[in-house]
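The values are calculated or read from the model by the stated rules, or taken from the named source; none is laboratory data. Only a predicted model underlies this, so the values are computations on that prediction, with no experimental measurement involved. A quick note on method: Cβ atoms are made from the backbone with ideal geometry, for glycine too, and the neighbour counts reach across all protein chains shown.
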Amino acid sequence: MLALRYTFPPHPRCPAVGLWGQLRMVSSSSSSSSTITAVDDDQLPVIRVPQQLQQKLKRGAGNQVAAVGLTLAKPGRLLIVGKRPQLNQHSGRIFGKFDQVPLVSKGWKHMKAAGDYFTINNTRTRPPALPGDQGEEEEEEERQKSSGKAPSFSSLGLCIELQDALDKMGISRPTTVQSQAIAALMRRKNILCAAETGSGKTLSYLLPLMHTLISERLVPTDADWTGPHGLVLVPSRELADQVCQVAQSLASNLNLNVQTVGGGRGLGNVKLTLSRGQIDLLISTPGILWKALKRDFISLRELTYLVLDEADTLFDASFVELLEGILNHTQIASNVSETHGVERKAQLVVTGATFPGGVGELLSKITDLGSITTIKSKGLHYLMPHVKQKFTKVKRADKLSELLQVLKQLAKRPEFGILVFCNNAATVNWLGYILEDHRIKHFRLQGNMVAEKRSSIFDTFQRGLVDVLLCTDIASRGLDTRRVEIVINYDFPPTLCDYIHRAGRVGRVGGKVLGTVISFVTHPWDVELVQKIEASARQKLMLPGMESKISEATTKIIAEL
């Protein structure tokens with residue numbers, strides 16, 4: 001039996017209220033109506049609360065409780081923690097449809113808000129991309145294991161050679177996204193895979209691609225043909241090198257020729273690379289591939305597998321014309337039957353964490369949209385629940401001192417990496433000079449650098465030879481940053497999409513730490529984005545304005561597994 005105690009305050013217009021003294025509210029499952037029982041002075045009167053009202057209070061309605069000044073707070077870990085404790089929120093708090101959502105960042109456009117902060121705590125202990133976590137998902141995974149239905153790479157039909165390669169890489173089981181994507185691709189379907197960063201999308205397309213190359217051992221029908229059987233397009237040279245390393249690790253004992261070409265190497269080197277015998281798998285950036293196609297260095301006539309990785313960037317205005325020109329040189333299958341036989345067409349894979357509105361329009365020019373199966377993860381466009389995210393309102397003049405203070409504190413943990421994001425190359429260079437003055441060892445990575453130098457810098461950072469990397473958003477798309485523990489947004493990103501990608505550099509599958517994102521909030525337009533992020537976190541909703549990009553792009557082709 002639950003008892004709540006309340007003392008009625010004296011009321012000047014109703015002195016009789018004071019005669020009641022103290023009341024006890026006692027819940028009763030058998031009462032159908034509230035009753036007040038008058039008793040002598042030695043015993044308090046009793047109010048019996050009906051069961052229906054109790055359930056309403058537990059669901060968070062709380063109107064009757066608020067009327068008498070009581071608060072029913074659900075126990076549990078704090079989701080939102082800030083400088084002002086009255087605005088903290090427990091992870092179990094649920095807002096009604098018409099409830100007003102309190103925001104720490106509500107008044108941050110005022111100059112006096114400097115110094116205020118709040119943190120969104122992580123509510124999960126590992127990336128949600130892994131099947132099973134706490135609570136119901138873990139129980140479901142145990143049920144699957146006991147019934148023999150837990151997904152594995154062997155159950156997905158991959159050849160034994162690839163399974164051995166995965167064992168050497170220390171990968172024992174597929175992520176949720178990998179299970180769904182590999183199963184669809186093994187059935188020769190075209191897919192659009194929309195999943196959060198760090199969920200293992202690279203292996204999702206590489207494994208079935210290589211399985212096809214191994215099992216069929218394709219031979220060119222044209223003796224003079226120079227071109228790949230499989231093609232992976234990525235937006236940057238750094239990502240191309242990374243995907244190539246993963247592919248070569250898988251193909252080390254498979255007798256497959258894996259090559260990569262990217263900007264900055266010169267057309268002579270590209271021609272030499274493409275002339276080294278039959279290429280089974282080519283990883284390339286759009287610009288250099290388009291130049292090679294125009295000069296007849298390469299042909300895509302017998303392409304059997306086409307992957308557009310980080311499609312949200314490839315379909316951006318800076319790449320879309322190049323991409324359309326490349327797609328016009330390919331033949332994409334419109335149904336499963338066209339992926340077999342002598343005149344087979346290419347199977348299409350489109351992957352990304354977000355999608356701009358022109359995806360469906362462009363894809364409709366090369367294939368039947370009805371042939372594309374969309375795989376969409378449940379966590380897409382939500383804040384990552386396993387990553388702690390802190391937001392601090394600072395004056396523009398104080399940002400540098402705040403950054404130096406954070407970096408000097410984190411210098412005590414040299415085993416993990418730190419990414420510091422800026423919105424432009426000039427800020428990266430300026431910060432670099434400041435860190436040099438303070439003897440903080442670091443590297444810089446920005447788009448104005450020569451491509452070969454950029455690749456060398458990121459490789460050095462990955463190997464742990466330097467722990468602080470100052471960078472622009474060139475490092476936020478697709479790169480493997482499992483050793484990164486801290487992401488610092490020195491400049492707050494201009495869009496929510498950019499925030500998702502930057503935050504996705506920590507808490508990745510296979511990483512040793514969950515990681516933390518620290519953001520400095522300065523300008524009014526920064527505050528507007530932070531308010532959307534905070535409201536989404538408190539209400540446990542998708543970030544606003546993101547779902548429209550998916551639905552606009554894939555309205556005609558969504559067929560979730």
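For residue 391, indicate whether it is in contact with a helix residue (DSSP H, G or I) (Cβ under 8 Å, 6 or more places away or on another chain) and of a type outside the set (Val, Ile, Thr). Answer is yes for this residue.
The set of residues in the range 389-414 that are without any contact (Cβ under 8 Å) to a residue 60 or more places away in the chain, loosely packed, with under 13 Cβ neighbours inside 10 Å and either among the acidic types (Asp, Glu) or assigned to a helix (DSSP H, G or I) (or both) comprises 397, 401, 405, 408, 409. Just one of the numbered conditions (1) part of a loop (DSSP other than H, G, I, E, B); (2) small (Gly, Ala, Ser); (3) surrounded by 14 or more Cβ atoms within 10 Å (Cβ to Cβ) is not true of residue 455: (1).
Applying the selection to the range 166-204, what residues are part of a helix (DSSP H, G or I), of a type outside the set (Val, Ile, Thr) and under 15 Å from residue 376 (Cα atoms)?
178, 179, 180, 181, 183, 184, 185, 201, 204
Scanning the range 433-452 for residues that are assigned to a helix (DSSP H, G or I) and either surrounded by fewer than 17 Cβ atoms within 10 Å (Cβ to Cβ) or modelled with pLDDT under 90 (or both) returns 433, 434, 436, 437, 451, 452. Determine whether residue 386 is surrounded by 20 or more Cβ atoms within 10 Å (Cβ to Cβ), closer than 19 Å to residue 477 by Cα and not hydrophobic (A, V, I, L, M, F, W, C). The answer is no for residue 386.
So which of 259, 248 ends up being at pLDDT 90 or above, in a helix (DSSP H, G or I) and either in the same structural domain as residue 455 (by TED's automatic domain parsing) or among the polar types (S, T, N, Q) (or both)?
248
Filtered by the rule that a residue be surrounded by 15 or more Cβ atoms within 10 Å (Cβ to Cβ) and under 14 Å from residue 190 (Cα atoms), the range 310-343 gives 331, 332, 333, 334, 338, 339.
Across the range 92-131, the qualifying residues are those that are among the small types (Gly, Ala, Ser) and under 25 Å from the mean Cα position of the chain (by Cα), and the one among them that is nearest to residue 515 (Cα to Cα) is 129.
The set of residues in the range 250-288 being in contact with a Ser or Thr (Cβ under 9 Å, 6 or more places away or on another chain), of a type in the set (Ser, Thr, Tyr) and within 24 Å of residue 169 (Cβ to Cβ) consists of 260, 284.
Just to be sure, is residue 534 at pLDDT 95 or above and surrounded by fewer than 21 Cβ atoms within 10 Å (Cβ to Cβ)? Taking the combined requirement at face value, the residue does not satisfy it. Residue count for the range 98-135 under the criterion of being among the aliphatic types (A, V, I, L, M) and modelled with pLDDT under 90: the result is 3.
Per-residue answers, yes or no, for (1) outside the structural domain of residue 191 (by TED's automatic domain parsing); (2) more than 26 Å from residue 338 (Cβ to Cβ); (3) at pLDDT below 90:
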position: 207; (1), (2), (3): no, no, no
position: 211; (1), (2), (3): no, no, no
position: 215; (1), (2), (3): no, no, yes
position: 219; (1), (2), (3): no, no, yes
position: 223; (1), (2), (3): no, no, yes
position: 266; (1), (2), (3): no, yes, yes
position: 288; (1), (2), (3): no, yes, no
position: 293; (1), (2), (3): no, no, no
position: 312; (1), (2), (3): no, yes, yes
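Looking across the range 415-429, just one residue is part of a helix (DSSP H, G or I) and exposed (fewer than 14 other Cβ atoms within 10 Å of the Cβ), and that is 426. For first residues located in the range 251-279 and in contact (Cβ under 8 Å) with a residue 40 or more places away in the chain, partners that are surrounded by fewer than 21 Cβ atoms within 10 Å (Cβ to Cβ) and of a type in the set (D, E, K, R) and lie 6+ apart or on another chain with Cβ distances below 7 Å form the pairs 253/161; 254/161; 264/452. How about the range 507-523: which of its residues are modelled with pLDDT under 95 and either surrounded by fewer than 15 Cβ atoms within 10 Å (Cβ to Cβ) or outside the structural domain of residue 122 (by TED's automatic domain parsing) (or both)? 510, 512 - these are the residues of the range 507-523 that are modelled with pLDDT under 95 and either surrounded by fewer than 15 Cβ atoms within 10 Å (Cβ to Cβ) or outside the structural domain of residue 122 (by TED's automatic domain parsing) (or both).
Only residues that are in a loop (DSSP other than H, G, I, E, B) and surrounded by 23 or more Cβ atoms within 10 Å (Cβ to Cβ) were counted in the range 480-503, giving 1.
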